[in-house]
Amino acid sequence: MLKINKNLNDKELTIALEGHLDTISAPELETELKNGLSVVESLVMDLKGLEYISSAGLRVLLYAKKTMDKKGSMKIINVNEVVNEVFEVTGFIDILDIE
C-alpha cells in the first residue's frame, strides 16, 4: 500500500510517499507524475515514510528524473537506510540528486 501526498507551491511540486512503492503501487505514482509534472519546474520527492521500493518503483523515479531534467530539477529528500541501500546497490545513488 502506498500513500501519495502532493503539495504544489507555485512551480514546485513536493510528493511525499508513505508505505511500499512496488509493482502494484508504481503505476499510481506514475499517473500522478504524468498529470502533475506538466506545470512544474522543480520536483521534490520526500521519501521519509517510504518503507520499501522495488524495481518498478525505481523505474518510476527514473521516469520522473528524465522528465524533470528536460524542464527543471528533481531532488530526493529524507531517504531512510533501507531505501538508500537499494539506491546504492542499483547505482541510483549516482543518478539521483539525493539530499
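Annotations
- Here the chain is assigned +1 on the Cβ of each Lys and Arg and -1 on the Cβ of each Asp and Glu. Its dipole about the Cα centre then comes out at about 420 debye.
- Each of the peptides 58-65, 35-42 was scored by the mean count of other Cβ atoms within 10 Å over its residues; in descending order, highest first, they stand as 58-65, 35-42.
- Only one item in (1) 32, 27, 19; (2) 76, 46, 16; (3) 36, 26, 20 matches Cα extents along the principal axes in Å derived from the coordinates shown, and that item is (1).
- By the rule of a C-alpha distance below 18 Å, with chain neighbours fewer than 8 residues away ignored, the lysines paired with Lys75 are Lys6, Lys11, Lys34, Lys48, Lys65, Lys66.
- When the Cα positions of Val39, Met68, Leu17 are compared along the charge dipole of the stretch 2-95, Val39 comes out farthest toward the positive end, with charges on each C-beta of Lys, Arg, Asp and Glu.
- Rounded tilt (10° steps) of 81-90 against the dominant C-alpha axis of the chain: 90
- Segment Lys48..Asn78, full-extension length gain: 10.3 nm, with 0.36 nm per residue of separation and the alpha-carbon distance subtracted.
- Degrees separating the helix 55-69 axis from the principal Cα axis of the chain, which is the longest one: 30
Since every read-out is calculated from the coordinates, none of them should be taken as a lab result. Values in this document were obtained by computation on a predicted structure and should not be read as measured data. Ideal geometry is used to build each Cβ from the backbone, glycine not excepted, and the neighbour counts take in all protein chains shown.
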